[in-house]
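Peer 1: Here you go, one structure.
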Amino acid sequence: MLEIKNLSFSFGQKVIYDQLNMTFPISSITGLIGKNGVGKTTLFRVLAKIYRNQGVEVTFNGQPVTPNMISFLPTDPYFYPYMKGSEYLDIVAKDPSELIQSRVFASQLDLPLDDLIDNYSTGMRKKIAFAAIFAQSRPIVILDEPYNGVDLESNEAIKYIIQQYGKDRVVILSSHILSTITDISDRIYHLQDAKTVSSHPKEGFEAFAKAMKTQLMDKFSDSE
Amino acid sequence: MQKTFALLKLRLSQGYRMLDSVGWLLVFIFLFTIIGVGLQFLQTLVNLQAYMSLVLSFLLLIFLDYARPDKSFLSSIFQSYLSLVSYLWAEYVLILLPIIFYQCWKGNYFVGFGLVLVAILVASLSPLHRRSEFTHVKQMIKWIPIHNFELRFFAEKLGVMTCVFIIIGFLSIIHIGVFVVWIVLFCLTLPEVFKWHESREMIHYKANFVWKKVQSYMLTVGKLVLLPSLIVMILFPEMWYFSIYLIFCLFTTIFLTISFKYAMFTTVFNSSAASNVVLLLLLLMFLPGGAFITLIYAIIQYIKAEKNMKLLYA
C-alpha cells in the first residue's frame with residue numbers, strides 16, 4: 001500500500017496542502033479530481049520527488065518511497081528535439097523486457113515510431129510518453145491527465161492498457177473528464193482545498209457524480 | 001551503462017540530424033574556418049593562458065547545466081545518482097573535447113586532464129540543482145522594461161543565474177577572456193530569448209515595428225553591457241578594437257534574432273523562431289569579419305520582417 005502521511009506543502013506563503021493523509025492500495029486504480037489549481041499536479045510532483053520534500057512521509061509497504069519506485073507521466077512530457085519515437089522508447093526502458101512492452105503499447109496506440117517526435121501531434125506525444133512510462137516495471141504509476149489531446153480510439157486503448165497492465169501496481173491518475181476516471185477507477189479522491197480531501201469508493205461513483213452536478217447547477221443558478 | 005550509450009548515441013544523432021537540416025556545405029565551411037582560423041586567432045589575440053580554459057570551461061558547463069531543460073527527465077530514467085552523473089560526465093567531456101584536444105596539441109596535458117576533472121565536478125553538482133520554474137515563486141526583474149518582455153521573462157525564469165551572469169560581466173577585470181566568453185554566451189542565449197512568438201493579440205503594430213523593437217532592445221542591452229565594456233577598454237586598452245568588435249557582434253545578434261523572429265511570424269499558429277542557420281551565423285560572427293556576413297543576412301531578414309508585419313497588421 002502507498003501511504004501519504006501529513007502531506008503539507010507550500011510555495012512560499014501559498015499553502016497548497018496542510019496535513020492531508022491518503023492511502024492507495026496495491027492492485028487498485030485511484031482517480032484524482034479537483035478544480036484547476038487545487039494541487040493535483042503538485043501532489044504528483046511531490047510523490048515523484050521533483051519538488052523538495054517539505055516533511056511529507058510517503059511509504060510503500062512500510063518502506064520510504066524512492067524515485068525508482070515511481071513511473072510518472074507528466075502533463076507535458078519532455079522530448080529531445082530531433083528524436084525518433086523508437087529512440088525515446090529505447091532510452092526510457094530499463095531493460096529489453098520493458099522495451100518490448102513499450103513497443104507493444106506503442107503499436108496498440110498506432111504510433112509511427114520511425115518518425116521524429118517533433119512531427120507528432122499533441123495527442124501522439126502524450127501517447128508515446130504513456131507507452132514508455134507505463135511499460136516501466138515500477139510498482140507505482142502516476143498519470144497526470146493521460147487522456148489530454150488523445151483521440152477517442154486511443155482513449156479506449158489507454159483505458160484498456162491501464163486496466164490490464166495496472167494489476168499488482170498502484171495506479172493513480174488525474175483527469176478533468178469525470179467519466180474517464182469513473183470508467184476504470186476503483187476509488188476517487190476529490191481534492192477540495194488545502195485541508196480537505198474526500199474519498200469515494202466505486203459503488204458511490206454514481207451518487208458522487210450526481211452530487212457534483214447538482215452542486216455545480218446550484219452554484220450557477222445562484223450566480224444568475 | 002547501456003542507457004548511457006543509447007543516450008549518447010541519440011545526442012550524436014540529434015547533432016547529425018540538426019546539421020543535416022542546415023546543409024552540409026555551410027557546416028563544412030564553418031568547421032574549416034573555425035579550426036583553421038578561429039582557435040589560433042583567439043589564442044593570439046587575447047593571449048589566453050592555458051589554465052584560464054579550466055575556469056572558462058567550468059563557467060560554460062555550469063551555465064549549460066543550469067539551463068538544460070531535461071534534468072527532471074534524466075532523473076526519471078536513471079536509476080541511481082552514479083549512473084546519472086556518469087552520463088552527464090560523458091556528455092560534458094564530449095562538449096569539452098575540442099578544447100581538450102587543443103590543449104593536448106599545445107602540450108598542456110595537465111590542463112587537458114583538468115578539463116576532464118571539471119566535467120566530473122559539474123556533472124556531480126548537477127543533480128543537486130532543480131529548475132526553479134517548478135517552485136512557482138517568481139522574482140520580478142523590474143529594471144528590464146515590460147515592453148522588452150522576451151528578455152525580462154527569460155531573465156526571471158533563470159532567476160539567480162541572471163544575477164550570476166551579470167556579475168560575471170564585471171569579472172572582466174580579471175581577464176579580457178572573461179569578457180569574450182561573457183559576450184559569446186550572451187549572443188548564443190539571445191536566439192533562445194526570442195525563440196517563441198507572442199500571440200497575435202500582444203502585438204500593437206506601428207510603422208517600422210521591427211526597427212523600433214530592435215532599437216528598444218539595443219538600448220536595454222546597451223545599458224547592461226556599458227560598464228563591463230568600459231572596464232575592459234580601460235584595463236586592456238591594447239584590445240579596444242577587439243572589445244568594440246564583440247559589442248558590434250552583440251548588437252548584430254539582437255538585430256538578427258529580432259528580425260528573424262518577425263520574418264517568420266505568423267498569426268495562424270504558434271511557431272518557434274529557432275533556426276540552426278541563425279545559430280551557425282552567430283558562431284561565424286566570432287571569426288574575423290564574420291559579423292559583416294551575419295549583418296548582411298540580418299538586413300535581408302529585417303526587410304522580410306518589416307514586410308511580413310506590414311502585410312499581417314497594417
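Peer 1: Tell me, please, whether a residue that is farther than 30 Å from B:THR4 by Cβ, of a type in the set (Gly, Ala, Ser) and either surrounded by 20 or more Cβ atoms within 10 Å (Cβ to Cβ) or modelled with pLDDT under 85 (or both) can be found in segment B:114-135. Explain how you work it out, then say what you get.
Peer 2: Looking only at segment B:114-135, we keep the residues that are farther than 30 Å from B:THR4 by Cβ, and these are none.
Scanning segment B:114-135, I find no residue that is farther than 30 Å from B:THR4 by Cβ, of a type in the set (Gly, Ala, Ser) and either surrounded by 20 or more Cβ atoms within 10 Å (Cβ to Cβ) or modelled with pLDDT under 85 (or both), so the answer is no.
Peer 1: Something else: If you check B:LEU224, B:LEU230, B:LEU312, B:LEU235, which single one turns out to be in the same structural domain as B:PHE170 (by TED's automatic domain parsing) and under 18 Å from the mean Cα position of the chain (by Cα)? Steps first, please.
Peer 2: Details: B:LEU230 fails: under 18 Å from the mean Cα position of the chain (by Cα); B:LEU312 fails: under 18 Å from the mean Cα position of the chain (by Cα); B:LEU235 fails: under 18 Å from the mean Cα position of the chain (by Cα).
Unique residue meeting the criteria: B:LEU224.
Peer 1: Can you name every residue in segment A:62-73 that is more than 8 Å from chain B (Cβ to nearest Cβ) and out of contact with any helix residue (DSSP H, G or I) (no Cβ under 6 Å at 6 or more places or on another chain)?
Peer 2: Residues satisfying the conditions are A:GLY62, A:GLN63, A:PRO64, A:VAL65, A:THR66, A:MET69, A:ILE70.
Peer 1: Let me ask something additional. Let me confirm something: among B:ILE303, B:ILE247, which residue is at pLDDT 90 or above, over 24 Å from B:PHE165 (Cα atoms) and out of contact with any Gly (no Cβ under 8 Å at 6 or more places or on another chain)?
Peer 2: It is B:ILE303.
This table checks each residue for (1) touching a residue at least 40 places away in the same chain (Cβ under 8 Å); (2) within 14 Å of chain A (Cβ to nearest Cβ); (3) within 30 Å of B:PRO288 (Cα to Cα).
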| position | (1), (2), (3) |
| --- | --- |
| B:ILE120 | no, no, no |
| B:MET140 | no, yes, no |
| B:PHE153 | no, no, no |
| B:LEU158 | yes, no, no |
| B:THR162 | no, no, yes |
| B:ILE176 | yes, no, yes |
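Peer 1: Could you check A:THR59 against (1) β-branched (Val, Ile, Thr); (2) surrounded by fewer than 20 Cβ atoms within 10 Å (Cβ to Cβ); (3) within 14 Å of another protein chain (Cβ to nearest Cβ) and say which number it fails?
Peer 2: Every listed condition holds for A:THR59 apart from (3).
Peer 1: Return the only residue of A:ILE70, A:ILE128 being surrounded by 18 or more Cβ atoms within 10 Å (Cβ to Cβ) and over 19 Å from B:ALA6 (Cβ atoms).
Peer 2: Sole residue among the options that is surrounded by 18 or more Cβ atoms within 10 Å (Cβ to Cβ) and over 19 Å from B:ALA6 (Cβ atoms): A:ILE70.
Peer 1: A further question on this structure: Can you find, within segment A:75-115, the residue that is nearest to the chain's Cα centre (by Cα) among those that are surrounded by fewer than 17 Cβ atoms within 10 Å (Cβ to Cβ) and at the interface with another protein chain (Cβ under 8 Å from one of its Cβ atoms)?
Peer 2: A:TYR78
Peer 1: Considering every residue within segment B:267-290, establish whether at least one is surrounded by fewer than 20 Cβ atoms within 10 Å (Cβ to Cβ) and at pLDDT 85 or above.
Peer 2: No: segment B:267-290 contains no residue that is surrounded by fewer than 20 Cβ atoms within 10 Å (Cβ to Cβ) and at pLDDT 85 or above.
Peer 1: Let me ask something else. Here's a check for you: in segment A:1-35, which residue that is within 14 Å of chain B (Cβ to nearest Cβ) and in a loop (DSSP other than H, G, I, E, B) is nearest to A:ILE161 (Cα to Cα)?
Peer 2: Initially, segment A:1-35 is screened for residues within 14 Å of chain B (Cβ to nearest Cβ), giving A:9-17.
Next, only the ones that are in a loop (DSSP other than H, G, I, E, B) stay: A:12-13.
On the way: A:GLY12: 39, A:GLN13: 40 Å.
Per the criteria, the residue is A:GLY12.
Peer 1: From the list A:THR122, A:THR214, which residue is surrounded by fewer than 12 Cβ atoms within 10 Å (Cβ to Cβ) and in contact (Cβ under 8 Å) with a residue 12 or more places away in the chain? Outline the logic, then answer.
Peer 2: Values: A:THR214 fails: in contact (Cβ under 8 Å) with a residue 12 or more places away in the chain.
The conditions single out A:THR122.
Peer 1: Further question: Determine whether B:GLU192 is touching a residue at least 12 places away in the same chain (Cβ under 8 Å), within 22 Å of the chain's Cα centre (by Cα) and in a loop (DSSP other than H, G, I, E, B). Explain how you work it out, then say what you get.
Peer 2: Numbers: touching a residue at least 12 places away in the same chain (Cβ under 8 Å): yes; within 22 Å of the chain's Cα centre (by Cα): yes; in a loop (DSSP other than H, G, I, E, B): no.
No, not satisfied.
Peer 1: Scan segment A:147-191 for residues that are part of a loop (DSSP other than H, G, I, E, B) and touching a strand residue (DSSP E or B) at 6+ places or on another chain (Cβ under 6 Å) and report the count.
Peer 2: 5
Peer 1: What single numbered condition from (1) away from chain B (no Cβ under 11 Å); (2) touching a residue at least 40 places away in the same chain (Cβ under 8 Å) fails to hold for A:ALA48?
Peer 2: Result: A:ALA48 passes all but (1).
Peer 1: Residues B:SER83, B:SER57, B:SER53, B:SER75: which one is more than 10 Å from chain A (Cβ to nearest Cβ) and at pLDDT 85 or above?
Peer 2: B:SER83
The values are calculated or read from the model by the stated rules, or taken from the named source; none is laboratory data. Note that the structure is a prediction, hence the values are computed from the model and not measured. Using ideal geometry, Cβ is built from the backbone for each residue, glycine included, and neighbour counts are taken over all protein chains shown.
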